[in-house]
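Read through the structure below, which is laid out as structure tokens, and then see the notes.
The values are calculated or read from the model by the stated rules, or taken from the named source; none is laboratory data. What you see is a predicted model; the values in this text were computed from it and never measured. Backbone-built Cβ (ideal geometry, glycine too); neighbour counts: all protein chains shown.
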Amino acid sequence: MKPTDFAKRLTDFFSSYLPGQQGLSVNTIKSYRDTFSLLLVYCRDVKGVKIEKFTLNQFNGQFVTNFLDWLETERGNCARTRNQRLAAIHVFCLYVQSEEPGHLLQCQQILAIGTKKHSKPHISYLSAQTLKDIFAKPDLNTRRGRRDLAILSVLYDTGARVSELIDLKVRDVRLDEFPIVQLYGKGSKTRQVPIMRKTAAMLRDYMGENKLAAPQMLDHPLFFNNRRERYTRPGITYILRKYSNDAKITPHIMRHSKAMHLLQA
């Protein structure tokens, strides 16, 4: 079966344009991929069009508008999530219009679709006492408890995004006189974050206990699960909620907490 023009352009978009010409991070590309995975599900299950037969001619302003409405009404996506999906589609259209001039008008119609206004969420944070209570709960008599406390301490002390935390490797930690952790953020940007000596001592013990100090372990995930694989976002969230007894708390709140405590200091 001959591939469609949509299939070709979407493949090139993810394999060459985003990582090569745009230099986007792996996490950003994954977010874009999620958008188009949903779009193809909508194409197949709602519009009744076989994915392998979907073409650029069918990818127009009305199709995208209906897809966005479906995200909100059928999948319960909020306006913020809907806008994120639209942003990914806009980037694809900017790419297509330069590669397929015959579809320029379609692309411009899609690019004209605006974002929806939404209220900014209230940024909550944890009080110093709440954090103290959370840090006191892991059982330090167990290996798992010591690991969990190390994870929570680094998450708070560095103000890291959860994606930055789970991407940490052993080589990203320096535990000398001036201990730092190197984080890899959005857009492949790196930053070195000083950590408290108490956190450094905890990390040193954790790395020794888990045999991470050897030179051959430099590229091993700093924090890993029972299969020695790096943690996932849900895994870190589970650890935090386990000790906070709050089903709504997220790792991002730790980031906000660190920022607020620095302002209050």
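Things worth noting here:
- Single condition N226 does not satisfy, out of (1) at pLDDT below 90; (2) touching a Ser or Thr at 6+ places or on another chain (Cβ under 9 Å): (2)
- Failed criterion for K47 (all others in (1) among the charged types (D, E, K, R); (2) over 30 Å from K189 (Cα atoms); (3) part of a helix (DSSP H, G or I) hold): (3)
- Filter result (of a type in the set (A, V, I, L, M, F, W, C) and either touching a residue at least 60 places away in the same chain (Cβ under 8 Å) or in contact with a helix residue (DSSP H, G or I) (Cβ under 7 Å, 6 or more places away or on another chain) (or both)) within region 169-205: V170, V173, L175, V181, L183, V193, I195, M196, M202, L203
- Residues in region 170-189 that are buried (at least 17 other Cβ atoms within 10 Å of the Cβ) and small (G, A, S): there are none.
- Looking across region 141-153, the residues that are free of Cβ contacts under 8 Å to residues at least 60 places away in the same chain and buried (at least 18 other Cβ atoms within 10 Å of the Cβ) come down to L149, S153.
- Test: residue in region 148-164 that is out of contact with any strand residue (DSSP E or B) (no Cβ under 9 Å at 6 or more places or on another chain), of a type in the set (D, E) and within 15 Å of F224 (Cα to Cα): yes
- Among the candidates A200, A265, A259, residue that is modelled with pLDDT of 90 or more and under 21 Å from K132 (Cβ atoms): A200
- Residue match in region 199-208 (condition: surrounded by 12 or more Cβ atoms within 10 Å (Cβ to Cβ), within 25 Å of the chain's Cα centre (by Cα) and hydrophobic (A, V, I, L, M, F, W, C)): yes
- The set of residues in region 219-263 that are outside any helix (DSSP H, G or I), surrounded by 12 or more Cβ atoms within 10 Å (Cβ to Cβ) and not β-branched (V, I, T) comprises H220, P221, L222, F223, F224, N225, R230, Y231, D246.
- Selection from region 62-85 of residues that are polar (S, T, N, Q) and in contact (Cβ under 8 Å) with a residue 40 or more places away in the chain: T65, Q84
- Among the residues here, C107 does not qualify as in a helix (DSSP H, G or I), within 27 Å of the chain's Cα centre (by Cα) and not hydroxyl-bearing (S, T, Y).
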